[in-house]
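First up is the structure itself, then whatever we jot down about it.
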């Protein structure tokens, strides 16, 4: 694909603009990307279905209509939507209290969870509520994903050891080591070694052999399919299932046939909060991926259309008996590296997966479960974001604590509790910051029109004039702190007769803050001190202009601190 922006397929706000402007030159890249993507997502989709507690073929079913639904409504030209690790874990965790994993009731609840999530996302898109992506901060998302990745890793250890479950505690595991299936463990470790090599070093070695960088990276990302093919052949040829190696088992050929049933009203009510949580996490994480891909190709995305696209994708997954889906970073990276120009690549991938389901899908019955566990473990390990934790802790302890509390909340309280704890901690941290406002005494830099903090710069002040800059919105959580800061400054400057509040950094004053300022002004007037304002922003002034505080109590309003200083410095009041 050309780097010329004029040859880029359009993204952004206009729906299906890429269809109207499609060029024949883009087709070869879309065909290649669709073929490569379909091969790459087969082991991943099956693995994430197993993680979600669903039959592995459901992962393939959930890779059909979601790709088509997103192509119709989404705004990203390169993002690939389908089963991902986080939605798989959330599905299993949120539904476990409601039904036994793998039971018919569980499968139906998973379908309805995807259906409700898709409906919520689509309705939010129709209402143009894309700004909801801002409700989860980066520390919350990073902490949640890191905690989820750790849970996923531990959940795959039984499959790696060839056991149904792990004993409680390290001592019990050592004592029962003889129960570990060494053949399964050996196969799993070999697969892990190959996949880790492919992730970290294969691309560099292939480039050293003379392969182009893009091709080398693409081949390295396709390493999981090698694991699948070799494992299927070895299991069939050596009859490893007879030696105690757990395999996928019977895999039906053909496209999905949905057996629809409606849960009871009580079950549906219990699904509302899980559906809302999955919707929010799906949207925030998918939008982040879409924005990252769009920057690489000098395109843009529309959050409202992303809501519609993700909603349609989840509705499509539910129709085919699948579970909740989202945009995946690894599958999207493969898509873009394989040459995808438009969502046509996703449509082609869906058609190829459908063809595989109709033809060779039963061969996957020989696939050892330990191979899917290895694919999952290697895929989720990079999601443990230690760098973000260190960076957040060094930059802002409150954000570091938010990330850490979300991570620990996921591990201790579960997915649902971890997200709620992270959001609550973010709110508390924001209120804590706002409750400690910075109020600075301001003076003029000599021979300039600039004004700075007297504690940080050599500045000139005007006798009897106290200029204070409030660097925070004034609201219920910090009114006492603002009031105390003003009275402390008056104590430091006892000759003050004029107080100038510089509100250049104030965007909002709530009713509690307005009452405090009114009472403060009355107290100052009783002491013979007059209150003035400077640099009040227009939107704030729109709220204040009809209040008694502005019309009756504030002495003068100044458009700039410079004018205020000059005016008040020359002001002579009678004793």
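Filtering segment 424-450 to residues that are within 17 Å of residue 506 (Cα to Cα) and either in a strand (DSSP E or B) or without any contact (Cβ under 8 Å) to a residue 12 or more places away in the chain (or both) leaves 430, 439, 440, 441, 442.
Of the helices (runs of 4 or more DSSP H) lying entirely inside segment 172-288, the ones with 3 or more residues being farther than 30 Å from residue 301 by Cβ, out of contact with any strand residue (DSSP E or B) (no Cβ under 8 Å at 6 or more places or on another chain) and in the same structural domain as residue 36 (by TED's automatic domain parsing) are found at 182-197, 203-208, 223-238. Go through the residues of segment 141-149 one by one and say whether even a single one is over 17 Å from residue 279 (Cβ atoms) and assigned to a loop (DSSP other than H, G, I, E, B). No. So for segment 457-480 (the condition being touching a residue at least 24 places away in the same chain (Cβ under 8 Å), part of a helix (DSSP H, G or I) and surrounded by 15 or more Cβ atoms within 10 Å (Cβ to Cβ)), does at least one residue qualify? Checking segment 457-480: at least one residue is touching a residue at least 24 places away in the same chain (Cβ under 8 Å), part of a helix (DSSP H, G or I) and surrounded by 15 or more Cβ atoms within 10 Å (Cβ to Cβ). Restricting attention to segment 382-423 and to residues that are outside any helix (DSSP H, G or I) and within 17 Å of the chain's Cα centre (by Cα), the residue that is farthest from residue 231 (Cα to Cα) turns out to be 385. Residues of segment 324-381 that are more than 25 Å from the chain's Cα centre (by Cα), closer than 17 Å to residue 48 by Cα and not in a helix (DSSP H, G or I): 367, 368. Checking each residue in segment 309-323 for being crowded, with 24+ Cβ neighbours inside 10 Å and either over 17 Å from residue 125 (Cα atoms) or modelled with pLDDT under 85 (or both) picks out 317, 318, 322, 323.
For segment 516-543, the tally of residues that are assigned to a helix (DSSP H, G or I), in contact (Cβ under 8 Å) with a residue 12 or more places away in the chain and either within 20 Å of residue 480 (Cα to Cα) or not assigned by TED's automatic domain parsing to the domain that holds residue 496 (or both) stands at 8. Meeting the requirement of 3 or more residues that are surrounded by fewer than 24 Cβ atoms within 10 Å (Cβ to Cβ), the helices (runs of 4 or more DSSP H) wholly within segment 55-138 are 65-73, 85-95, 104-126. Exactly one residue out of 292, 279 is within 22 Å of residue 133 (Cα to Cα) and crowded, with 20+ Cβ neighbours inside 10 Å, and it is 279.
Among the residues of segment 544-558, which ones are in contact (Cβ under 8 Å) with a residue 24 or more places away in the chain, in a helix (DSSP H, G or I) and surrounded by 15 or more Cβ atoms within 10 Å (Cβ to Cβ)? The answer is 544, 549, 553.
The values are calculated or read from the model by the stated rules, or taken from the named source; none is laboratory data. Just so it is clear, the structure is predicted and the values come from calculations on it, not from any experiment. Virtual Cβ from ideal backbone geometry, glycine too; neighbours counted across all protein chains shown.
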